[in-house]
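**Student:** Below you will find the structure I want to go over with you.
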């Protein structure tokens, strides 16, 4: 990705009931991808969940946070799904990759 | 955590054989915790693995990268365990938390 860009690290602990969570997670990921300044997203969950989304600048992150559908999901998340979460907004200063696979043409 | 501090986002795709990986992952996490400037670590793996470690400054990150046991693990990782990985070194600019649980005294 072209620097400078930002990473938002979202770490969370979920309760044990799904209660619409999986559906909303997919919906929010799809919605994030349509936002201006969106660069990418990566997620994994075991004991904790970690989702890292990548953005062109702080304005794009602020706009996504204030998106109406996303705000509704955040409120529902705090009420129904998350025991706790932590958000860190970070400037990516350096990066490097290792890849055994040939990089596909896109 | 006290700002400024850094996050190292390590995202990876593993092959399907363990071949000593799990044991080494635990050993490296324990070793990281003993390094100067270490602040914390969080991990989850599903389709991809995401490990985020937190450090006081860039010097601490550079020292950990050059640690002899860690270097040996990195070489073995590229040879035996990872199909690909990506490392991003990031300055944490903002953070906020949500917690339904009472915060324990430490």
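We did not get these values from a lab; they are worked out from the coordinates using the rules stated. Computed from a prediction, not measured in an experiment: that's the story for all the values here. Please note: Cβ atoms are built from the backbone with ideal geometry, for glycine as well, and neighbour counts cover all protein chains shown.
**Student:** Give the angle, between 0 and 90 degrees and rounded to the nearest 10, that separates the Cα long axis of helix A:21-33 from the longest principal axis of the Cα atoms of chain A.
**Tutor:** In chain A, helix A:21-33 runs at an angle near 40 degrees to the longest axis.
**Student:** So, in nm, how far is label residue A:78 from label residue B:26 when the simple model puts each one 7 Å beyond its Cα toward the Cβ?
**Tutor:** 3.9 nm
**Student:** Could you work out [θ]222 nm for chain B from helices alone, using -39500 (n - 2.57) per DSSP H run of at least four and dividing by all its residues? Round to the nearest 500 deg cm²/dmol.
**Tutor:** Dividing the helical sum by the residues of chain B leaves -8500 deg cm²/dmol.
**Student:** Which parts of the stretch A:1-31 would a label at residue B:98 reach, counting a residue when its backbone N lies under 20 Å from a point 7 Å out along Cα-to-Cβ?
**Tutor:** Of the residues in the stretch A:1-31, A:7-31 have backbone N under 20 Å from the label point off residue B:98.
**Student:** Over all residues in B:80-92, what is the mean tally of Cβ atoms on other chains that come within 10 Å of each residue's Cβ?
**Tutor:** Whole-number average of other-chain Cβ neighbours for B:80-92 is 6.
**Student:** From the C-alpha coordinates alone, can you work out the Kirkwood hydrodynamic radius of chain A, in Å?
**Tutor:** 15.1 Å
**Student:** Relative contact order for chain B: what is it in percent, counting Cα pairs under 8 Å that are at least 6 residues apart?
**Tutor:** 45 percent
**Student:** Taking a cut-off of 29 Å, what percent of all Cα-Cα pairs in the protein assembly as shown are separated by more than that?
**Tutor:** 27 percent
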